[in-house]
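Down below is the structure, laid out as C-alpha cells.
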Amino acid sequence: MEEKIKGFLDLVKERNGHESEFIQAVEEVAETVIPYIVKHDIYHGKNILLRMVEPERAISFRVNWVDDHGEIQVNRGYRIQMNSAIGPYKGGLRFHPTVNMSILKFLAFEQVFKNSLTTLPMGGGKGGSDFDPKGKSDNEIMRFCHAFMSELFRHIGPNTDIPAGDIGVGGREIGFLFGMYKKLKNEFTGVLTGKGMTWGGSLIRPEATGYGNVYFAEKMLQTKGDSFKGKTVVISGSGNVAQYAAEKTIQLGGKVVTLSDSSGYILDHEGIDTDKLAFVMELKNIKRGRISEYTKVYPNAKFVANKTPWEVKCEVALPCATQNELNEHDAEMLLKNGCICVSEGANMPSTKDAITKFHEAQILFAPGKASNAGGVATSGLEMTQNSLRYNWSREEVDEKLKDIMSNIHDACIEYGKDEKTGYIDYVKGANIAGFVKVADAMLAQGVV
Ligand code: NDP
Ligand code: 2IT
C-alpha cells in the first residue's frame, strides 16, 4: 500500500513539482483514499484519483486597472474549474498577494471534496487574484473588481460556475463583481453567492462558515458527552470566518480569549463578549483596521506581535485565518496545554505534521473540508433560493445549515470511525465520504 501511495504521489509531484500547497492537499487525500480504492473493485483500476487531481480547466488572465494616482496596475486573475461531476463548479475567489496556481489548485481540490460532503449538487472550483486589497480605497476596489469580472464573466454562469467570497473578498467585492457581470450579460442571475440581502443574497450566508464550524465542533464534543459550555476557546483570524465562529461560540457558552491577523494576536483573559465582538466587527468590516487596535479600547487585553495564538491555554482551538498557520510545534503546545478539540474554519490551516500530532494524541480534530463546509453549503442554499425566486427566513436557513453540518459529521463517522478503538478519524472520514459521491458520478458519466 505504501508503495502504491508513493507511486501516485511521485507522479503528482512530477507533474506539479513546484506546487507545494497543492501537493500537500493531494497527499492528505491520497493517504486515506487510495487504501479505500484498493479495497473496492468498482473504483480500482479506473484512475479516478488521477483524474481528480487534474483541473478540468485552469484559466489565467490579465487584469489591468487604474489606481487613484492614475497609475496603470497589472494583476493576475485565475479561475480553476476543478471538477464538475456532481454539479456546476462552485467555490470562492481569493484576493491576496500570495495567490498563485498552487494555492488555488489546493483550494479547488479541497473544494471538490467539501462540496460533495454538503450533500448539495455542487462541483468544485476556486479563483482569485494576487491583488492586495489592503490600503486600497473603495474606488480602487471597485475598479479592480470590475476589471477582474470583465474577463471572468465569459467563463462563469449560474449553471456553469458560481464564484463566492474567500480571503479578501466579502460583501463589498461581491457587489462590484455582480454589478459588472449583470451589465455585461444583461441578465440578473444567481451567478455569485454571498450577495446582499436586497439583491438575491441569503440570510445566514455571512455567518455560515463560522457558525457551521462551531456546530461541527459541538457535534464532535457531543461524542464525548461534552459541549462548548464553559470552554476556553482560542480563535485565529479576525475576518469573516473568525468573527462568526466567535459569535456562535459565545452563544453556546464558550469563552473566546483570542483573535488575530497577520500582525499578531490579541489575548483577552476576561473573554471577548458580544459587545467587544461588535467592536471588532466594526473595526475590521467598516474601518478596515488592525486587530491590535482592540487593546486601545480594552486595555486589560494585550497584543502579542508576530505570534500565533496557539501558545495560549485552551480546551478548543478554531484556526480561522489561512493555510499552514498551525505547525507541529503549535500542535505540541496546544496538546501540552490541555486542548481537546481542534476544528478548522480555514482551509488546510494545520500542517501535516500538526495533524499527525493531534491524531497520535487521539483528540477531536476536524479538517476544514468537513468543518468549514457550512459556508459553501449555505451558498448552495442561496442558489436554491435564487432558482426558486424566493427567500427563506433566518431560522429556516440556520436549521438547514445545522442539519447539513450534522449530516457531514455522520458521514465522517461512517467512513472514519475505527471499529476497534472507537476513535473517529475525521480526516479519513471526510476524504472517503467526499470521494465516493464524486467517484460514483465520474464512473456513471464515463471517460469525459
Ligand atoms: P477574511 O479576508 O475575511 O479574513 C482573513 C483573516 O485571516 C484576516 O484576519 C487576515 O489577517 C488573516 N490572514 C490572512 N492571511 C494570513 C496570513 N498569511 N497569516 C496570518 N493571518 C492571515 O477571510 P475569511 O475569514 O473569509 O477566510 C479565512 C479562512 O477561511 C481562509 O482559509 C478561507 O479559505 C477559509 N474559508 C472561508 C469561507 C468563507 O465563506 N469566507 C468558507 C470556507 C473557508 P490580515 O488582515 O492581516 O490579512
Ligand atoms: O472555501 C470555501 O468553501 C469558500 N470560500 C466558500 C465558497 C462558496 O462558494 O461559498
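None of the figures in this text is laboratory data; all of them are computed from the coordinates on show. Keep in mind that this is a model prediction, so the values were computed, not measured. Cβ coordinates were reconstructed from backbone atoms using ideal geometry, including for glycine residues, and neighbour counts include every protein chain displayed.
Percent of C-alpha pairs per 10 Å bin in region 383-435, short distances first: 24, 33, 23, 16, 4.
Using a cut-off of 24 Å between Cα atoms, the listed pairs LYS195/LYS231; LYS284/LYS336; LYS126/LYS255; LYS402/LYS428; LYS182/LYS402 include LYS195/LYS231; LYS284/LYS336; LYS126/LYS255; LYS182/LYS402 as exceeding that distance.
Bridgeable lysines around LYS6 (alpha carbons under 17 Å apart, same-chain partners fewer than 8 residues away excluded): LYS352. Annotation for region 245-275 versus region 126-160: alpha-carbon center distance of 31 Å.
Neighbour counts of C-beta atoms inside 10 Å place MET281, MET220, MET442 in the sequence MET281, MET442, MET220, starting with the fewest. Report the Cα centroid-to-centroid distance between region 337-371 and region 18-90 in angstrom, as an integer. Rounded to whole Å, the Cα centres lie 23 Å apart.
Rounded to the nearest Hz, the phi-derived 3J(HN,Hα) couplings of region 421-426 under the Karplus curve 6.51 cos²θ - 1.76 cosθ + 1.60 (θ = phi - 60°) are 8, x, 5, 9, 8, 5, where x marks glycine and proline.
Checking the cross-link pairs LYS114/LYS276; LYS136/LYS307; LYS369/LYS400 against a 30 Å limit on the alpha carbon distance flags LYS114/LYS276 as lying beyond it. If you run the Gaussian network model on the chain, springs between alpha carbon atoms under 10 Å, then out of ASN372, ASN391, ASN213 the most flexible one is ASN391.
Per-residue ellipticity at 222 nm computed for the chain from its helices equals -15000 deg cm²/dmol, with DSSP H segments shorter than 4 residues left out and the rest contributing -39,500 (n - 2.57). Applying the criteria of a DSSP loop state and at most 12 other Cβ atoms within 10 Å to the GluC sites (Glu not before Pro) of region 143-212 yields GLU187. When each of the peptides 297-306, 43-52 is scored by how many other beta carbons lie within 10 Å of its residues on average, the order from highest to lowest is 43-52, 297-306.
Within a straight-line Cα-Cα reach of under 19 Å, LYS224 can be paired with the following aspartates and glutamates, leaving aside sequence neighbours fewer than 8 residues apart in one chain: GLU315, GLU344, GLU360, ASP410, GLU414, ASP418, GLU419, ASP425. Among the chymotrypsin sites (Phe, Trp or Tyr not before Pro) in region 345-407, those placed in a DSSP loop whose Cβ has at most 13 other Cβ atoms within 10 Å are TYR390. Between VAL74, VAL376, VAL257, the residue with the greatest mean-square fluctuation in the GNM of the chain (Cα pairs under 10 Å linked by springs) is VAL74.
Note on the chain: with a GNM built from Cα contacts shorter than 10 Å, the maximum mean-square fluctuation among ALA377, ALA366, ALA30 falls on ALA30. Beta-bridge orientation, the chain: approximately 55 percent antiparallel, per DSSP, counting only bridges with both partners inside. Of the trypsin sites (Lys or Arg not before Pro) found in region 173-217, not one falls in a DSSP loop while having at most 15 other beta-carbon atoms within 10 Å. Which net charge results for the neighbourhood of HIS40, defined as the other residues with beta-carbon distances under 15 angstrom from its beta-carbon, given Lys and Arg at +1 and Asp and Glu at -1? Spelling it out: positives minus negatives among the neighbours equals +2. Each residue of region 238-255 was assigned a 3J(HN,Hα) from its phi angle through the Karplus curve 6.51 cos²θ - 1.76 cosθ + 1.60 (θ = phi - 60°); the sequence is 8, x, 3, 5, 4, 4, 7, 5, 5, 4, 5, 4, 4, 4, 8, x, x, 10 Hz, with glycine and proline shown as x. Restricting the calculation to Cα atoms, the chain yields a radius of gyration followed by a Dmax of 20.9, 67 Å.
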